[in-house]
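Everything on this sheet refers to the single structure shown next.
Computed from the coordinates by the stated procedures, all read-outs in this text should not be read as laboratory data. As the structure is a computational prediction, the values presented were derived from the model and not from experiment. Counting neighbours? That spans all protein chains shown, and the Cβs are built from the backbone with ideal geometry, glycine included.
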Amino acid sequence: MRRLVECIPNFSEGRRPEVVDQIVAAIKSVSGVSMLDHEMDADHNRAVLSFVGDPEAVLEAAFRSVKRGSELIDLNKHQGEHPRMGAADVVPFVPITGVTQAECIELAKRLAKRIADELSIPTYLYELAATRPDRVDLANIRRGEFEGLRLAIKSDPDRAPDFGRPEVHPTAGATVVGVRAPLIAYNVNLATTDVNVARRVAKAIRSRSGGYRYAKALGFEVKEKGCVQVSINMTDYTKTPLYRVFETVKREAERWGVGVLESEIVGLVPQGALNSCARFYLQLNSFSRDQILENRLGGSESGGLADFLNEVASSAPTPGGGSAAAVNGAIGAALLTMVAKLTIGKKGYEEFDEVLAPVRDRLVAVRERFLALEQEDAEAFKRVMVAYKLPKMTVEEKEKRTAAISDALKGAAEVPMRTLQLALDTLRSARPIVEHGNANSISDAGVATMNLDVAFRAARLNVLTNLPSIKEAAFVSETRSALDEMTAEMKRLVDGYLATVADRMA
C-alpha cells in the first residue's frame, strides 16, 4: 500500500489570488505530491490548502509553501476576521494510509525545526505533536495573535517557542505545526447582521465554553454576504457529529429570532461525516456504507476478504498476526453496528434509541480505523525487516543496526498497542448494545464481544513479542504496566458481557 500523508496549511491571505497561486505553485514544484484543494475567504482573509503525497515529499512541499508564504505575506498589513499569528499560520499533518501518527509527529518536528532554522520563524507544536498539555489546543498558542505574541514571546517564558528564538519574525510572525485527525471546517451563516448573535451561538456549541467536546467555534461578520457566521472546526466528527452541531446552531439562533441562511464546508470532508448526516436526516436506520455505489465499485478493484486470506496464507511474512488482530476488531465493530441497527426504531425498544444511536454512529469510524491498523501493522513489520538487513561488518555499523532494530521494533509494538486500545475502547462503549440490543440478535453481540477479545489478545501477543529486543527500558516498563491494567479491564468486560448475553438468551 502506498504511504500517504495529507497536509493542510492555512495562510493569512484570502484576498490576493496571485499570492495564493504562487504558494500553490511552490507545493506543485515538488514531485510526489498531489494538490487536492485550495479555498480562499476574503472576510477571514485566509486561504486553506490541501495536498497529499508520500511523507518526505509532503514535508518538502510544506516547507516550500511556508517559505513562499513568508516572502509574500506581511502580517503588519493583514486584517481579517480569523485569528492568526503567522503568515503560514498553522500547518497540520494528517496520516492517511500506511503512515502512523508517530511518523507524522516526527515529520511535524522536522518541519518545525527547519522553519525555525532556515527561515528564522519561531515555531510551536500542537495537537498530537504538542510538547505540553496547554499546547494541544491551538487557541492557547495563538492567544493574543500576532500583535500580542510580539511582546509575550519575549517576556513570558511560557510563550517561548518549541523551535527558534523567542522573537517573532518581523513580517511572517510565528508558525504552528502539528498532527491531527481529519478536521472539518464548517460554517453556518445566520440571517442577521448582528454579530453578537453569532458569538452567542458559537459560545453555546464550543468545547471550552461548555459545548460539544470536539467543536471549536467563533462568531464573525460576513460583510460580503450581509450576514454573520458561526465558524466551526469539527476536530472529531465521529464523536461530535456534524448534524448535531448544525441542529444546535439552528436552535440557539432561533432563541434570538434568527434563522439559518446556509451552511458550508471549507475544503475536504470525510465520507463518513456525510454518511452520518444522511442517516440522521433521512432516518436511514438500516443504511450501510456498502450501499454507496462508489464504495462497491472501489471494493471490486481493491480485493476483499478472500484476497486478504490468500495473502495471510502465503509464505510472505506480512500480513500476519497483528493484521489479523485488527481484522477481528473490524468484524467485532461491524457486528455491534448490526445489532444496534436491528434495535433502533424497532417496536419495544424505542426507549433505548437515544443511548444506542451515538454508539452506532461511532462504530462506523471505529471499523474503518481497525482496517487502517491492519495495513499499518504490515508496514511496521516491513520496517523491522529492513532494519535487520542493515550492514553489520564494523562496530559502528553494528551499533547503528542495533539501534535501528530497536526503533523499528518499538514501532512494531506501538501499532498493535493501538489495536488493543481500540478494541478495549470499543468494548467499553458497547455496553448499551449488549444490555439493550434486540433480543433476536443478542448472540451476535456475544460474537462481537469474542471478536474484540480476540483482537485484544492477538494484538497483545504482538506487543509482547517485540518488547524483549527494544533497548528503551522505560518504554518497555511502561508498556508492560499498561498492558497489565488493560488486560485486567478487558477480562472484566468480556466476562460480564458474555454473562449478560447468556442470561438474555436464556
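Say R0 is 45 Å: what FRET efficiency, to the nearest 0.05, do Leu464 and Ala499 get from their beta-carbon distance?
0.95
Ordering Pro166, Leu261, Phe51 by Cα displacement along the dipole of the chain toward the positive end leaves Pro166 in first place; charges were set at the Cβ atoms of Lys, Arg (+1) and Asp, Glu (-1). The simple spin-label model puts a point 7 Å past each Cα toward its Cβ; for Lys382 and Lys239 those points are separated by 3.1 nm. Among the listed pairs Lys28/Lys400; Lys109/Lys410; Lys410/Lys491; Lys216/Lys410; Lys67/Lys113, a Cα-Cα separation exceeding 24 Å is found for Lys28/Lys400; Lys410/Lys491; Lys216/Lys410.
If R0 equals 45 Å, the separation of the Cβ atoms of Leu371 and Asp74 corresponds to a calculated FRET efficiency of about 0.45. Spin-label model, Ala152/Ser209: points 7 Å from Cα along the beta carbon direction are separated by 1.9 nm. For segment 285-505, the residue among Ser429, Ile405, Phe456 whose Cα projects farthest onto the positive side of the dipole built from Cβ charges is Ile405. Overall, the chain carries a charge dipole of about 540 debye about its Cα centre when +1 sits on the Cβ of Lys and Arg and -1 on the Cβ of Asp and Glu, all other atoms neutral.
Shape annotation for segment 1-154: C-alpha extents along the principal axes are 45, 38, 26 Å, from largest to smallest.
How high is the FRET efficiency between Ser429 and Ala160 when r is their beta carbon distance and R₀ equals 51 Å, given to the nearest 0.05?
0.80
Taken about its Cα centre, segment 184-269 carries a charge dipole of about 400 debye when Lys and Arg each add +1 at the Cβ and Asp and Glu each add -1 at the Cβ. Once C-alpha pairs closer than 8 Å and six or more residues apart are averaged by separation and normalised to the residue number of segment 127-255, the relative contact order reads 21 percent.
Spacing of the modelled spin labels on Thr97 and Arg480, each 7 Å from Cα toward Cβ, amounts to 3.9 nm. Once the mean of 1/r is taken over each pair of separate Cα atoms and inverted, segment 285-505 shows a Kirkwood hydrodynamic radius of 18.9 Å. Working note: 222 nm ellipticity from helices only, DSSP H runs with n ≥ 4, each -39,500 (n - 2.57), summed and divided by the residues of the chain, gives -18500 deg cm²/dmol to the nearest 500. Work out how much length Phe287 to Glu399 would gain on full extension: take 0.36 nm times their residue separation and subtract the Cα-Cα distance, in nm to one decimal. Gain on extension, Phe287 to Glu399, equals 34.8 nm. Between the entries (1) 175; (2) 201; (3) 152, the label attached to volume of the Cα convex hull per residue in Å³ calculated for this structure is (1).
Residues within the reach of a label modelled at Leu36 (point 7 angstrom out along Cα to beta-carbon, backbone nitrogen below 17 Å), restricted to segment 268-286, are 268-275.
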